[in-house]
Amino acid sequence: MLALDQGTTSSRAILFNAAGENLAQAQQPFEQHFPQPGWVEHDAEEIWRSQLATARQALSGVDAAQVAAIGLTNQRETVVIWERASGRPLTRAVVWQDRRTSEDCARLKAEGHEALVRARSGLTLDPYFSATKIATWLHQHPEWRARAQAGELAVGTIDSWLIWNLTEGRVHATDVTNASRTLLMNLHSGEWDEDLLRLFEIPRALLPEIRPSAADFGHTTLLGGSIRLGGVAGDQQAALFGQGCVQAGQAKNTYGTGCFLLMHTGAQALASTHGLLSTRAAQVGAQPQFALEGSVFIGGAVVQWLRDGLHAIGASHEVEALARSVPDSGGVVFVPAFTGLGAPHWKPDARGAILGLTRGSTQAHIARAALESIAFQSADLLDAMQADASAEGIRLSELRVDGGACANDFLMQFQADVLGVPVLRPRNLEATALGAARLAGLQAGVWGEGGGLAVERRFAPGLSPGVDPRAVWRSALQRVL
């Protein structure tokens, strides 16, 4: 199984065997473009070239006939517009981090459209999602709208762009997880919503066909033979699937620059009343699957700040030893709201604070408080998720983790302590790529529906009953809010 993992800063390819073990991998970064403050763009053709190059490198010396299928996972919400005839992008891709449509989102909210958008899509009006990016292109280029209505142009998230190129223009498709991040798909029906298309003034002819995550996405002949494309999912949903979280109440947290927490809610979409998003989980077969999602803006990035801003450490991996050099944080609490606070608080104008400093405070206390802040923020998210899910009888029994920062034993143990449930770290941290490979493997008949990543370590909660380490965090958080 070949997994293509197209991320925000690099493209990767990983070859897995039938046991889910990594056989080979390749990675290639690509350029980030920042034409104005708050704008983030990618060269879509460079993304395609880098992804194709890594696929060929991972398959070096492998007969294409041995590859059962390709699974694709991708950065979500980033969007591309291109000509169908030539396959040429009309402009750079606009990235999920881009904030250029903030005023458009504020206007739509002021006009009273937020309730419709949330009810139909499960999302909130925010530049993060794809619809306002597409709408801006069409408003700025009326000739593109005319060409779109004539069927000459195509638009899609990165998965659609790569599928189009891999199949040499034969397939224009996306899967339900990526489509559910556009503000244009009806979360419940799994189809493009006509009222949302009218709201954003986006012609239906521009958009790809929506398919399940494990489905026939065509074949590619660009890798030495004809290989089927059998699985597609956005990166966070692919990680959820790769972790084996396919039942209501199962959850995973990806610890990267930020933290992405998803809880599977089964065959029902839960409308969050606690500041979370409702989204599609990876779909195998005809039965839709759903999840609640929340994100922490500053997760592992707080460790980068300790390294680059405070110069408390020389390399990120040094933070654990520094934090362990003191028995506790000495009353120091770190609220890393460098770019505001995300779910469940949604306070974009909040700013970071380090509280509880005394003459005895050291860099070690601040480092320990920084790591604790990652766990505290994730616990706030899980509280919100459990509040939304408990009405349906869904309860969290354990948390599965992946991402670079989950290698930190101190952080994982502290996370288990503040949650009061076990934290399970897998042996193979490539949950996202393996999730895409598993979806393709299901479609190809190589793997059954069971599975998930083998657990390398289980961190059990270790606090004494009645001890609440989050009391000081809540107090500090209220002062920042």
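Extension gain, Leu481 to Thr221: 0.36 nm times the residue separation minus the Cα-Cα distance gives 88.2 nm. In whole angstrom, how far apart do the alpha carbon centroids of segment 158-191 and segment 105-151 sit? Segment 158-191 and segment 105-151 have Cα centres separated by 17 Å.
The label-point distance for Arg474 and Ala315, in a model that sets each label 7 Å from Cα toward Cβ, rounds to 4.0 nm.
Once the chain from Gln304 to Asn22 is taken as fully extended at 0.36 nm per residue, the excess over their C-alpha distance is 98.7 nm. Average projection, convex hull of the Cα set of segment 350-481: 11.1 square nanometres.
Rounded to 0.05, the FRET efficiency of the Glu168 and Ala267 pair, given R0 = 35 Å and the Cβ-Cβ distance, is 0.45. DSSP assigns beta bridges within the chain; of those with both partners inside it, close to 70 percent run antiparallel.
For segment 111-198, the extents of the C-alpha atoms along the principal axes are 40, 29, 21 Å, listed from largest to smallest. Applying Stokes-Einstein at 4 °C and 1.567 mPa s to the Kirkwood radius of segment 2-234, computed over alpha-carbon pairs, gives a translational diffusion coefficient of 72 µm² s⁻¹. The value for segment 324-403 of Rg(Cα) / (2.2 N^0.38 Å) is 1.32. The C-alpha radius of gyration of the chain, expressed as a fraction of 2.2 N^0.38 Å, stands at 0.96.
Annotation: for a label point projected 7 angstrom from Cα along Cα→Cβ of Arg107, residues of segment 195-219 with backbone N closer than 13 Å are 200-201.
Extension gain for the segment Ala353 to Leu463, taken as residue separation times 0.36 nm less the Cα-Cα distance, is 37.0 nm to one decimal. Here the average projected area of the convex hull drawn through the C-alpha atoms of segment 237-344 stands at 8.7 nm².
Sorting the segments 208-215, 180-187, 168-175 by their mean number of nearby beta carbons within 10 angstrom, highest to lowest, gives 180-187, 208-215, 168-175. The mean sequence separation of alpha-carbon pairs under 8 Å and at least six residues apart, normalised by the residue count of segment 401-481, gives a relative contact order of 38 percent.
This model, with +1 at the C-beta of Lys and Arg and -1 at the C-beta of Asp and Glu, gives the chain a dipole about its Cα centre of some 400 debye. Between segment 375-398 and segment 1-61, how many Å separate their Cα centres? Distance between centres, Cα-based: 33 Å. Summarising the label geometry, the points placed 7 Å from Cα in the beta-carbon direction at Val446 and Ala146 lie 4.8 nm from one another.
Distance between the pseudo-spin-label points of Ala387 and Arg427 (7 Å out from Cα toward the beta carbon): 4.0 nm. For segment 1-117, pairs of C-alpha atoms spaced more than 17 angstrom apart make up 64 percent of the total.
Coordinate-derived values only; no laboratory data. All values derive from a computational prediction rather than experimental measurement. Methodologically, a virtual Cβ is constructed for each residue, glycine included, from the backbone with ideal geometry; neighbour enumeration extends over all protein chains shown.
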